[in-house]
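Undergrad: After the structure tokens below, expect a handful of questions from me.
The values are calculated or read from the model by the stated rules, or taken from the named source; none is laboratory data. What you are looking at is a predicted structure, and each value in this text was computed from that prediction instead of being measured. So basically every Cβ, Gly included, is an ideal-geometry build from the backbone, and we count neighbours across all protein chains shown.
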Amino acid sequence: MTIGALLLAQQFYALKPSPRFAYATLGLLFVNISVGGTLTQFAAPPVLMVAGPWGWDMVFMLTNFGWKAVIGIVIATILHFFAFRKELEALDRQRVDAAASPSGGKNVPPKTKTRPVPVWITLVHLGFLGFTVFVAHHPPLFIGGFLFFLAFSQATAHHQGKLELKALLLVGFFLAGLAVHGGLRGW
């Protein structure tokens, strides 16, 4: 959700859409991400707490809730598109006109010239991601892999963006608290 909101800020809100359109788009993002949390048993903390005791696995979530969520997301997005079609077209024209102007346009997000990330860095990141999923239920291996990832990120910092851990750690502590205290609410 955070990444989606940041992309909206840089690519959409920089064009100064109407407040009604801006709020509706942000609301659509929030609703679609939240409803999409029912696609698996891992996305929504309340579902995560009851998934094990109630036997809700991924197949159960997809067959009972997920397909309904996808239909709702598609319908909400289509309705949003048709409700704001004219404003979307105007914003697209504004982006094209501003990009074609000699100044590059004030409202168009600046394109920064950066070197592409080397393929091997991306492959190592995917390897760390796969390892994390594979050892998710073995905390010593997970923590060891995470520490190696931090070391790798530090060693290759010139190829990567700044690693922001504060928000991630806060979410992690919140979910850890749910897991620790959720068992006490087994009744």
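Undergrad: Taking Thr25 as the residue in question, decide whether it is surrounded by fewer than 16 Cβ atoms within 10 Å (Cβ to Cβ) and either in contact (Cβ under 8 Å) with a residue 40 or more places away in the chain or outside the structural domain of Leu8 (by TED's automatic domain parsing) (or both).
TA: Working: surrounded by fewer than 16 Cβ atoms within 10 Å (Cβ to Cβ): no; either in contact (Cβ under 8 Å) with a residue 40 or more places away in the chain or outside the structural domain of Leu8 (by TED's automatic domain parsing) (or both): yes.
The answer is no for Thr25.
Undergrad: Just to be sure I understand, how many residues within the range 2-21 are under 17 Å from Ala76 (Cα atoms) and surrounded by fewer than 17 Cβ atoms within 10 Å (Cβ to Cβ)? If you could, list the steps in order and put the result at the bottom.
TA: Of all residues in the range 2-21, those under 17 Å from Ala76 (Cα atoms) come to 4, 20-21.
Of the ones still in play, those that are also surrounded by fewer than 17 Cβ atoms within 10 Å (Cβ to Cβ) are 4, 20.
Total meeting the criteria: 2.
Undergrad: Output the number of residues of the range 148-187 satisfying the condition of being part of a helix (DSSP H, G or I) and at pLDDT 80 or above.
TA: Step one: list which residues in the range 148-187 are part of a helix (DSSP H, G or I), which gives 148-155, 157-159, 166-185.
Then keep just the ones that are at pLDDT 80 or above; that gives 148-155, 157-159, 166-174, 176-177.
The total comes to 22.
Undergrad: On to the next question. List every residue pair whose Cβ atoms sit under 8 Å apart, with the two residues 6 or more apart in sequence or on different chains, where the first one lies in the range 157-177 and is farther than 23 Å from Val124 by Cα and the second, anywhere, is in a helix (DSSP H, G or I) and among the aliphatic types (A, V, I, L, M).
TA: Filtered contacts from the range 157-177: Leu175/Leu48.
Undergrad: Would you check which residues across the range 36-60 are surrounded by fewer than 17 Cβ atoms within 10 Å (Cβ to Cβ) and without any contact (Cβ under 8 Å) to a residue 24 or more places away in the chain and list them?
TA: Of all residues in the range 36-60, those surrounded by fewer than 17 Cβ atoms within 10 Å (Cβ to Cβ) come to 42-43, 45-46, 50, 52-55, 57-60.
Of everything in the range 36-60, those that are surrounded by fewer than 17 Cβ atoms within 10 Å (Cβ to Cβ) and without any contact (Cβ under 8 Å) to a residue 24 or more places away in the chain turn out to be Phe42, Ala43, Pro46, Val50, Gly52, Trp54, Gly55, Asp57, Met58, Val59, Phe60.
Undergrad: Can Ile33 be described as loosely packed, with under 14 Cβ neighbours inside 10 Å and not assigned by TED's automatic domain parsing to the domain that holds Gly172?
TA: Details: loosely packed, with under 14 Cβ neighbours inside 10 Å: no; not assigned by TED's automatic domain parsing to the domain that holds Gly172: yes.
No.
Undergrad: Identify, by number, the condition in (1) under 24 Å from Arg93 (Cα atoms); (2) touching a Phe, Trp or Tyr at 6+ places or on another chain (Cβ under 7 Å) that Ala14 doesn't meet.
TA: Checking Ala14 against (1) under 24 Å from Arg93 (Cα atoms); (2) touching a Phe, Trp or Tyr at 6+ places or on another chain (Cβ under 7 Å), the one that fails is (2).
Undergrad: Moving to a separate point now. Using the structure shown, decide if Thr63 is within 15 Å of His80 (Cβ to Cβ) and at pLDDT 85 or above.
TA: Working: within 15 Å of His80 (Cβ to Cβ): no; at pLDDT 85 or above: yes.
Here the answer is no, as Thr63 does not meet what is asked.
Undergrad: I would also like to ask the following. Tell me, yes or no, whether the range 85-93 has at least one residue that is at pLDDT 90 or above and within 20 Å of the chain's Cα centre (by Cα).
TA: So far as the range 85-93 goes, no, none of its residues is at pLDDT 90 or above and within 20 Å of the chain's Cα centre (by Cα).
Undergrad: Sticking with this one: Filter the range 131-155 down to residues that are surrounded by 11 or more Cβ atoms within 10 Å (Cβ to Cβ) and small (Gly, Ala, Ser) and give me whichever is farthest from Ala176 (Cα to Cα). Break it down into steps so the answer makes sense when it comes.
TA: Taking the range 131-155 and keeping what is surrounded by 11 or more Cβ atoms within 10 Å (Cβ to Cβ), we get 131-132, 134-136, 138, 141-146, 148-150, 152-153.
Those still in the list that are small (Gly, Ala, Ser) too: 136, 144-145, 153.
Working: Ala136: 13, Gly144: 18, Gly145: 18, Ser153: 24 Å.
Restricting to residues being surrounded by 11 or more Cβ atoms within 10 Å (Cβ to Cβ) and small (Gly, Ala, Ser), the top hit is Ser153.
Undergrad: To continue, here is another question. Return the pair list, or none, for Cβ contacts closer than 6 Å from residues in the range 82-94 that are surrounded by 16 or more Cβ atoms within 10 Å (Cβ to Cβ) to residues that are assigned to a helix (DSSP H, G or I) and of a type in the set (Phe, Trp, Tyr), at least 6 apart or on different chains.
TA: Listed by first residue and then by second, the contacts come to Phe84/Phe21; Glu87/Phe21.
Undergrad: Is it the case that Val133 is within 27 Å of Pro46 (Cβ to Cβ), among the aliphatic types (A, V, I, L, M) and assigned to a helix (DSSP H, G or I)? First the steps, then the outcome.
TA: On the way: within 27 Å of Pro46 (Cβ to Cβ): yes; among the aliphatic types (A, V, I, L, M): yes; assigned to a helix (DSSP H, G or I): yes.
Answer is yes for this residue.
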